[in-house]
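Take a look at the structure set out below.
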Amino acid sequence: MIMNVILLGPPGVGKGTVAKKLSERYKMPHISTGDVLRKNIAEQTELGLKAKEFVDSGTLVPDELVTKMVKSSISTLSTGFFLDGYPRNLAQAKALKTFSEIHRVLNFSASEEIIIERLSGRRTCKECNAIYHVKNIPPKKENVCDNCGSQLYQRSDETPEIIKERLNVYENETKPLIDFYRAENSLSDIDATQNVEGIVAQCVEILGASD
Ligand SMILES: [Zn+2]
């Protein structure tokens, strides 16, 4: 099935988790910019080596470079995709439009309170990057990864103060995208205050059956 879908929404709104479930259901890959970036760096591709310089110096990887990486990972696909973490701003959205048609944009939203609770409870595995939540998805043994037995930690950008900052950045940078896609009639709003199953059900209703 060729259905190119963007998941839009602030950090902590549950996009990644939902994208994974939708990816399984529709048999279309979940393309997360974070993963694309890490993969290019790990495989030392030409783009990855360039990106690594920015990552190592603690500066943001430029739009152009991120766009090239996303383009190369979707250009070989024979199916549609779920794009998560891209586009992040209007410049990226306009760039994306030059090489890919977008059929649907799912716009996830939840209150700041909910997002802070979700993100600040998040724990990540040091080894395999599996993600847990102290309340919602607790590991079987406190602070230990179910998959690999390694220690879990709280990312430094997942403390309440930093989360508020990240939400402000999102408001400023990504909100214009909502207007952009709404004007193209491809935007659907998703109430991300519900649990994962509830959010997935809303998405499926919009995207249609998976066959
Ligand atoms: Zn692990």
Exclusive hit being within 30 Å of ILE206 (Cα to Cα), more than 15 Å from the ligand (Cβ to nearest atom) and assigned to a strand (DSSP E or B), set LEU167, LEU106: LEU106
Hey, SER156 more than 16 Å from the ligand (Cβ to nearest atom), without any contact (Cβ under 8 Å) to a residue 60 or more places away in the chain, closer than 22 Å to ASP35 by Cα and of a type outside the set (Phe, Trp, Tyr) or not: yes
Counted residues, region 11-21 - those being buried (at least 22 other Cβ atoms within 10 Å of the Cβ) and not charged (D, E, K, R): 5
Residues within region 109-122 that are among the hydroxyl-bearing types (Ser, Thr, Tyr) and either within 16 Å of the ligand (Cβ to nearest atom) or without any contact (Cβ under 8 Å) to a residue 40 or more places away in the chain (or both), tallied: 0
Of residues in region 123-133 being crowded, with 16+ Cβ neighbours inside 10 Å and either near the ligand (Cβ under 7 Å from one of its atoms) or assigned to a loop (DSSP other than H, G, I, E, B) (or both), the one modelled with the highest pLDDT: CYS125
Options LYS71, LYS52: the member that is charged (D, E, K, R), part of a helix (DSSP H, G or I), over 29 Å from GLU117 (Cβ atoms) and in contact (Cβ under 8 Å) with a residue 24 or more places away in the chain: LYS71
Cross-chain or 6+ apart pairs with Cβ under 8 Å, region 11-22 first and touching a residue at least 24 places away in the same chain (Cβ under 8 Å) and closer than 14 Å to HIS133 by Cβ, then among the basic types (Lys, Arg) and outside any helix (DSSP H, G or I): GLY12/ARG122
Pick from region 81-95, criterion of a type in the set (A, V, I, L, M, F, W, C) and in contact (Cβ under 8 Å) with a residue 40 or more places away in the chain, ranking: farthest from the ligand (Cβ to nearest atom): LEU90
Contacts under 8 angstrom Cβ, first residue in region 128-143 being more than 14 Å from GLY16 (Cα to Cα), partner aromatic (Phe, Trp, Tyr), 6 or more apart: PRO138/TYR132; PRO139/TYR132
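The values are calculated or read from the model by the stated rules, or taken from the named source; none is laboratory data. Keep in mind that what you see is a predicted model, and the values were worked out from it rather than measured. For neighbour counting, all protein chains shown are included, and Cβ atoms are generated from backbone atoms with ideal geometry for every residue, glycine included.
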